[in-house]
Ligand SMILES: [Zn+2]
């Protein structure tokens, strides 16, 4: 009996060993910010370990990386960034970490939108671009981890089908809005791709990054413009202070239509815990506010 017990224990130990090794051997992936991190997780499924640097409700334009971020990047096999100048801190972080990871730009192949001669980095806010991100992510993961290529491909195909269906829904819904209910204001210029894709106009007192504060003169000009244009609603964002939008609302009498998630997901329990949930939340918030009394 004792002998058998011993053998069983040895067998159990050898059977467990490969499982523990597998978990350690999983592809280690780092994504620069929460929206991209969710996309990578959707494609990776159980086949890779995904870590995200800039978390929910945080501003990835102005982030300062810490030691834990450098460690995560140093230990990664693959690092995904948005690119297009979004993460002003990522090149330094990657270089200083000494990582040997493959660094991949998720926006590779996206048609860039120019705002005042600068590339607008918020490409994910059009779902057709989201499909490009997902394709790039799946290709990158498959190249780094060929053993799981089929799983990455299958996950990406299912995810792309979901994004494509949601894109059609957004086009149908936003397409119903009357012409005089299509101009809105957000704090920083993060929805240019959404505006282009779905026929809206977004105005913003701050540019495509969150660093610049508008001068009193710029704000006065904007308030004047808004009074002349038929602006349907103002929206606050999860990553910028609502103060500026509240001030504009006070000065123009235009109502605040809700909160949009532009550059980051919500904390767990919030309305935008994934890329798809974020887009749905933004679509519903826009429709609820803009469909109303025209
Ligand atoms: Zn932004």
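Any read-out appearing in this document is the output of simple, stated calculations on the displayed coordinates, not a laboratory observation. As the structure is a computational prediction, the values presented were derived from the model and not from experiment. FYI the Cβ positions are ideal-geometry reconstructions off the backbone, even for glycines, and counts take in every protein chain you see.
Listing for the model above:
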quantity: Cα long-axis angle, helix 127-144 against the chain (0 to 90 degrees, to the nearest 10); calculated: 20 degrees
quantity: Packing rank of 282-291, 120-129, 247-256, where each peptide gets the mean count of other beta carbons within 10 Å, highest leading; calculated: 120-129, 282-291, 247-256
quantity: Span from the the stretch 97-149 Cα centroid across to the the stretch 259-279 one, whole angstrom; calculated: 20 Å
quantity: Among 115, 40, 276, residue whose mean-square fluctuation peaks in a GNM of the chain (springs only between Cα atoms under 10 Å); calculated: 115
quantity: Computed helical MRE - 222 nm, the chain, DSSP H runs ≥ 4 contributing -39500 (n - 2.57), nearest 500; calculated: -16000 deg cm²/dmol
quantity: The chain: angle of helix 2-25 to the longest principal axis, Cα-based, in degrees nearest 10; calculated: 30 degrees
quantity: The chain: antiparallel DSSP beta bridges as a percent of all, rounded to 5; calculated: 10 percent
quantity: Most mobile of 175, 130, 83 in a GNM of the chain (Cα contacts under 10 Å); calculated: 175
quantity: Cα-based helix-to-principal-axis angle, 275-291 vs the chain, degrees rounded to 10; calculated: 20 degrees
